[in-house]
Amino acid sequence: MSRYFTKDHEWVDVTGDVGTVGISDYAQGQLGDVVFVDVPEAGKQLTKGADAAVVESVKAASDVYSPVSGTVTEGNAALADDSSLVNSAPETDGWFFKLTLSDPSELDSLMDEAAYASFVEGL
Amino acid sequence: MSDQSSIIDHADDYVALEPQALPLDAWHRAHGARMVEFAGYLMPIQYDGIMAEHAWTRESAGLFDVSHMGQLVLTGGDVAAALETVLPGDIAGLAAGKMRYSLLLAEDGGILDDLMATRLPAENPFASEDAEPAGYDPLRATGEAPTGSFYVVVNGATKYDDVAYLLDQVSDDVTLNLLEDQALLALQGPKAVDALARLVPGVEALTFMTAGAFAWGSVPLWISRSGYTGEDGFEISVPADQVAAFADALAAEPEVKPIGLGARDSLRLEAGLPLYGHDLDPEITPVMADLGFALSKRRREAADFAGATRILSEREHGPASKRVGLIVEGRQPAREGADVIDQSGAVIGRLTSGGFAPTLGKPIAMAYVPLALSAPGTRIEIAQRGKVHTATVTAMPFVPHRYVRSK
């Protein structure tokens, strides 16, 4: 499994052609208390860089973009009951959706963990 | 991921210059605040997190820095009459140490700001030889100067415009001082009185909307029992060069934690209190804003304030639209700027504040809707980013006020 990050603070774990997407620990820290997450339904076609989900904190709504193109296989139902998983476990149980990648070569333009860490360091 | 809306973004409406640091800037940073630009100043938006800070204020005592707000002292001439030309409240009738919420009105009745006006007693920390009212005779003093002087607190984003407007409206014999060397703190919550009375004995005798001069050691303080969270609490004017020491002393009390702007916004929304620049602006009149209580009976009868003809007509016949509270169904907050729509999808109103209410555990909002849809219980629809949400008009405050009125 490999993990990639975007400059917009999404992460995607990739195993074969299946990706799991969430937002980074840095992003949840910036958002503060998450009170609602709107995740895409299975079957939805997503395009790299386009709107995929919405995460709402007490103070603001933020768009979450899909790091890669593909077809959604599952939204994280656990977030409907407990959106605070995004704060407590942003890079594990607080994932947003899974998708089947339509073009794995898109991963080449994303950052690995080390590159993302230094990107965040510079913010 | 990108921010779509936040109180930070809204602040950009007002900000053109480099943000300025307030007297407690270093203090906030030392206490772990995340600082953002608001109303032209760098301000703490949160320390531990908005939900935790909100809950702390509702249960204990939250310390807020509101030093960006404008503190004015008006003295001389017939200052009460001068203020009454642009404020629709009974200002002349205020006794020393009594305060009133009022609205600064444009000539057409639109709201230029909302503010608190207090009649100062002769003994107050702002009194100086310069500020002493003309004709003031200490031998005749009965706790109140004959012509009177007033302490007025206005919004930070509007304070310079307010000063210019007031100077234009009041006669030349009224002196207006913008107190730029005074910081302003708010201590809000059910245990605020316990914490503050330990440092400043006597404040417990104040009741809601009264104020007086106090001291912390040799530091003069002007303290009112007021605030904008719906809780009991105080606003404290402190010399800027002493405010860090006083904030240290307050924060050392077990009931007190510093609280950021984020929780201040969610607290005032739950309290049903409008925020200038969002729920109030020059297009809105006091009647549209459902702030009819700010129109004192004597002033309505005299109809002698700016915009009186229009405002009193709206009061009699009903305004076209009115500010209401909304409880939004589901968990997703509806935000400022979202449209209120009718069954055909046409836009008939607009949300002016909206967010998640930590005390209630659900989303709430304020909106302007047509008068026919303003009764509590009315269901309305909100369009936001391609989705339609249902909401119910609800009497405000959303969370009951806990002000300490006369004993």
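The values are calculated or read from the model by the stated rules, or taken from the named source; none is laboratory data. What you are looking at is a predicted structure, and each value in this text was computed from that prediction instead of being measured. Cβ atoms come from the backbone with ideal geometry, glycine included; neighbour counts cover every protein chain shown.
Observations
- Of the residues making up the range B:259-289, those that are touching a Gly at 6+ places or on another chain (Cβ under 9 Å) and away from chain A (no Cβ under 14 Å) are B:Ala271, B:Gly272, B:Leu273, B:Asp281, B:Pro282, B:Glu283, B:Ile284, B:Thr285, B:Pro286, B:Val287.
- Residue within the range B:56-68 that is in contact (Cβ under 8 Å) with a residue 40 or more places away in the chain, closer than 24 Å to B:Thr158 by Cα and within 14 Å of another protein chain (Cβ to nearest Cβ) present: no
- Residues (facing chain B (nearest Cβ under 9 Å) and closer than 15 Å to A:Phe5 by Cα) located in the range A:64-108: A:Val64, A:Tyr65
- Filter result (more than 8 Å from the chain's Cα centre (by Cα) and buried (at least 22 other Cβ atoms within 10 Å of the Cβ)) within the range A:11-26: A:Gly19
- Scanning the range B:20-49 for residues that are among the aromatic types (Phe, Trp, Tyr) and either farther than 19 Å from B:Val256 by Cβ or within 14 Å of another protein chain (Cβ to nearest Cβ) (or both) returns B:Phe38, B:Tyr41, B:Tyr47.
- Counting only strands (runs of 3 or more DSSP E) that sit wholly inside the range B:23-85, those with at least 3 residues that are among the aliphatic types (A, V, I, L, M) are B:41-46, B:70-75.
- Within the range B:110-127, the residues that satisfy the criterion of being farther than 13 Å from B:Thr75 by Cα and in a loop (DSSP other than H, G, I, E, B) are B:Gly110, B:Glu123, B:Pro125.
- Test result for A:Ala61, under 16 Å from A:Leu31 (Cβ atoms) and without any contact (Cβ under 8 Å) to a residue 24 or more places away in the chain: yes
- Test for B:Gly89: is it away from chain A (no Cβ under 14 Å) and over 27 Å from B:Asp194 (Cα atoms): yes
- Some residue of the range B:175-193 being within 28 Å of A:Ser57 (Cα to Cα), acidic (Asp, Glu) and away from chain A (no Cβ under 14 Å): no
- Here A:Met1 clears all of (1) more than 11 Å from chain B (Cβ to nearest Cβ); (2) under 15 Å from A:Met111 (Cα atoms); (3) within 14 Å of the chain's Cα centre (by Cα) except the condition numbered (3).
- Within the range B:299-407, strands (runs of 3 or more DSSP E) holding 2 or more residues that are within 14 Å of another protein chain (Cβ to nearest Cβ) and not acidic (Asp, Glu): B:347-357, B:362-370, B:379-384, B:387-394
- Residue in the range B:296-308 that is touching a Leu at 6+ places or on another chain (Cβ under 6 Å) and crowded, with 23+ Cβ neighbours inside 10 Å present: no
- For B:Ala164, the test of being among the hydrophobic types (A, V, I, L, M, F, W, C), free of Cβ contacts under 8 Å to residues at least 24 places away in the same chain, out of contact with any strand residue (DSSP E or B) (no Cβ under 9 Å at 6 or more places or on another chain) and assigned by the TED database to the domain that holds B:Ala245 is failed.
- Taking the conditions (1) out of contact with any His (no Cβ under 7 Å at 6 or more places or on another chain); (2) modelled with pLDDT of 95 or more in turn, B:Tyr47 satisfies each one other than (1).
- Look at (1) touching a Phe, Trp or Tyr at 6+ places or on another chain (Cβ under 7 Å); (2) closer than 20 Å to B:Met288 by Cα and you find that B:Ala39 fails only one, number (2).
- Selection over the range A:27-63 of residues that are more than 10 Å from every other protein chain (Cβ to nearest Cβ) and among the hydroxyl-bearing types (Ser, Thr, Tyr) gives a count of 1.
- Some residue of the range B:310-319 being surrounded by fewer than 21 Cβ atoms within 10 Å (Cβ to Cβ) and at positive phi: yes
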